[in-house]
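Okay, so here's the structure we're looking at.
The values are calculated or read from the model by the stated rules, or taken from the named source; none is laboratory data. Everything quoted here is computed from the prediction, not taken from an experiment. So basically every Cβ, Gly included, is an ideal-geometry build from the backbone, and we count neighbours across all protein chains shown. To get the accessible areas, we keep the full protein, side chains included, count just its heavy atoms, and leave off ligands, DNA and RNA. Shrake-Rupley method; radii C 1.70, N 1.55, O 1.52, S 1.80 Å.
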Amino acid sequence: GRPIPVKSAFTLLKESVNSRTRAQYSAICGVSVAVIEALAAELVGHGKKAAVITYRGAVKHTNGLYNQLAIQHLNTLIGNYDWKGGCTAGAGGLGGNTSGAVSLAFNGGPPVSGIRIDRAMSFYEESGALFTGYPAKRPWFPFGTQGNYQELIPSIEDGYPYPIKVLITYWNAIPYSVPALRPVWERVMAETALPEVVPATAKVPLFVAISPVMGEVAAWADYILPDSTYLEKFAVPGIPWRVNKGTSFQRPVVGAFDDKAIGSLTGAGNRIADATNNYTPALSDTKAVADIHIGLAKALGLPGVGINALGTGRNLNNAWDWAKAMLDNIAFNASSKYAGLTRDEILAKGGVFDNPGEEYSGDLAGSTPNPNGPYLAYKYGNVIRLFVDPVARTRDSVTGRYYAGVPQYVAPAHSDGTLVNDGTGFPMKLITFKVVHHGQARTAVSPWLMLMSPENYVEISAADGSRLGVETGDRVRVTSASNTAGIVGKAKVTQGLKPGVVAISHHFGHWELGSRPHTVNGVQTGFDPSRGAGIHPGTVMRRDRRSANVPLQDPIGASCSYYDTWVQVRRV
């Protein structure tokens, strides 16, 4: 047959890089050519002892996957994988919550099949009758291996790819965490505010929230199952960035085991009793989420819980049964190095960890620990691909265009390909960030943390402050094309921001989270207004032009966009 012309993966990458000049890249990113060249020289000036890491700032855009690929390829170009000082996948943990002495895979449950409601990990073209050509009714995300959080409620509202009957939530604050979602959430949930009066049009006939607080989600639930706090839980928190192995073990520090108070001089101390397995949280009307799940499974008659559920002689009746299995798995997986490791020793030390220095090896193919070796002992050891073939073979479910297998510069865009361009009325770029003493949407419940920073601010550069006639402490209104009413907060003028950028931190601006009273079972709850202090930047972030009930998002990686909103700031 006729020869087919082809190009190497490196050629495709080079052509993509050279599709613009350095001056054009400089204009896009606002960094001078001289600085770009100096950073490049610095990166390649250390051999393989250099690494480039990234996440939120680069990824949480509509072009996030391509951004991540471009940055990751900087490591590829200097060949630093598995070298000391370079890039690696991380050594990982010891499998406490997976396998080892005990298999913790759910055993005997009903089979899981079909398409997720957020359409993550499914190809539109393989969806049978749902494939109706381009554009799809809502976008599909075959490479969204972590799911698509922001699509959940909008997809429920549209009943696509199907309507639902029951929603059960845990450990989230959907209308708070997802930009621009509050009105969508409240529109969907208002149809079934009372469980005994459910109209036929209800999008969520039954809503159950597992939560320790009356948050933005739980406030709309038909039923709330009170969860316990992190101080009352068992867990094996992940530490994937370590270059040597380690698994931490989190255990309750309040509550009781067999009626003995944890941490008391006469109680369980650093050992946990194993007599009748009756751990109780500090508050009698709460349960650890594991106990909630086990209790629900028993009530429904599901397999995988109860007597011998984890193997002969290994019951699963409560969270402590699960915790014992996790401890035994950690001990089993660490046995080649730490013989005779016991549950109590793991508990006392807070986990199991390699010794410092054991992360390096003198032989790339071997595993003999050598603190002076040039290689990492735990290696990625896999193929490094310049060209992502599965992505290149996939069409965008809305536009019908194929994605690229190498990183491209694609300007921020709506799902239909229209560029995010809201005109001269919104001249400033909004960014959000996390402060060091708060964690996501949950820590405004701590009065000590709130005392450190009672509220957040609309932060602008000194140049913009002068241009707008705004000083620190002035009240300003921030508006966008998606929220022309906007939000009002106090300004903070700083030299630490680039002109044209507005920064508003996360964590603040709750409208629930126990910041106002509710009536539960006929009794009014307590509340703390300080939890609602400050402003929430998500409420002014940009919605998608085509699917107006979802924020801007990355069509390939399925990330939500937190950095593609243009706003106006005016003094009130």
In the range 405-420, is there at least one residue being at pLDDT 95 or above, within 30 Å of S461 (Cβ to Cβ) and touching a Ser or Thr at 6+ places or on another chain (Cβ under 6 Å)? yes
Can you name every residue in the range 381-402 that is open to solvent by less than 30 Å² (accessible area, probe 1.4 Å) and either of a type in the set (D, E, K, R) or closer than 27 Å to L74 by Cα (or both)? V391, A392, T394, D396
Residues satisfying the stated conditions in the range 94-124, i.e. open to solvent by less than 50 Å² (accessible area, probe 1.4 Å), among the β-branched types (V, I, T) and over 30 Å from N244 (Cα atoms): I115, I117
Take the residues in the range 317-358 that are under 28 Å from I292 (Cβ atoms), in contact with a helix residue (DSSP H, G or I) (Cβ under 8 Å, 6 or more places away or on another chain) and not in a helix (DSSP H, G or I); name whichever of them is most open to solvent (accessible area, probe 1.4 Å). N317
Hey, any hits in the range 70-86 for a residue that's in contact (Cβ under 8 Å) with a residue 40 or more places away in the chain, assigned to a helix (DSSP H, G or I) and of a type outside the set (S, T, Y)? yes
Is it true that some residue in the range 431-449 is at pLDDT 95 or above, more than 30 Å from L231 (Cβ to Cβ) and touching a Phe, Trp or Tyr at 6+ places or on another chain (Cβ under 9 Å)? yes
Residue check, L65 modelled with pLDDT of 95 or more, in a helix (DSSP H, G or I) and closer than 25 Å to G373 by Cβ: no
Please enumerate the residues belonging to the range 40-61 that are among the small types (G, A, S) and farther than 17 Å from T76 by Cβ. A41, G45, G57
At least 1 residues that are without any contact (Cβ under 8 Å) to a residue 40 or more places away in the chain and either in contact with a helix residue (DSSP H, G or I) (Cβ under 7 Å, 6 or more places away or on another chain) or within 26 Å of S415 (Cα to Cα) (or both) in each: list the helices (runs of 4 or more DSSP H) lying fully within the range 118-233 that qualify. 152-158, 182-189
Against the definition (β-branched (V, I, T), in contact (Cβ under 8 Å) with a residue 60 or more places away in the chain and part of a loop (DSSP other than H, G, I, E, B)), how does T424 come out, yes or no? no
In the range 271-280, is there at least one residue being open to solvent by 60 Å² or more (accessible area, probe 1.4 Å), at pLDDT below 90 and within 26 Å of G514 (Cα to Cα)? yes
Within the range 10-34, track down each residue that is without any contact (Cβ under 8 Å) to a residue 60 or more places away in the chain, more than 32 Å from the chain's Cα centre (by Cα) and either under 29 Å from G500 (Cα atoms) or surrounded by fewer than 12 Cβ atoms within 10 Å (Cβ to Cβ) (or both). E15, N18, T21, R22, A23, Q24, S32, V33, A34
What do you reckon, is V44 under 30 Å from G373 (Cα atoms), exposed (fewer than 13 other Cβ atoms within 10 Å of the Cβ) and either of a type in the set (D, E) or modelled with pLDDT of 95 or more (or both)? yes
Considering only the range 508-515, I want to know if a residue exists there that is part of a strand (DSSP E or B) and open to solvent by 30 Å² or more (accessible area, probe 1.4 Å). no
Test result for L130, within 22 Å of the chain's Cα centre (by Cα) and among the hydrophobic types (A, V, I, L, M, F, W, C): no
Selection count, the range 282-310, where residues are under 28 Å from the mean Cα position of the chain (by Cα) and open to solvent by less than 60 Å² (accessible area, probe 1.4 Å): 9
From the list G465, G469, which one is surrounded by fewer than 15 Cβ atoms within 10 Å (Cβ to Cβ) and over 26 Å from V217 (Cβ atoms)? G469
When (1) part of a loop (DSSP other than H, G, I, E, B); (2) touching a helix residue (DSSP H, G or I) at 6+ places or on another chain (Cβ under 6 Å) are applied to T432, the one that fails is (1)
Does the range 242-255 include one or more residues that are at pLDDT below 85 and either open to solvent by less than 30 Å² (accessible area, probe 1.4 Å) or farther than 18 Å from N172 by Cβ (or both)? yes
Of the numbered conditions (1) in contact with a Cys (Cβ under 9 Å, 6 or more places away or on another chain); (2) closer than 26 Å to W185 by Cβ; (3) open to solvent by less than 30 Å² (accessible area, probe 1.4 Å), I153 fails exactly one; give the number of that condition. (1)
For the range 551-572, which positions are open to solvent by less than 30 Å² (accessible area, probe 1.4 Å), of a type outside the set (G, A, S), in contact with a Lys or Arg (Cβ under 7 Å, 6 or more places away or on another chain) and under 20 Å from F143 (Cα atoms)? P551, L552, C560
Do you know which of the residues in the range 472-490 that are open to solvent by less than 10 Å² (accessible area, probe 1.4 Å) and touching a residue at least 60 places away in the same chain (Cβ under 8 Å) is farthest from I504 (Cα to Cα)? S480
Is the range 180-197 home to any residue that is farther than 23 Å from E512 by Cα, modelled with pLDDT under 90 and hydrophobic (A, V, I, L, M, F, W, C)? yes
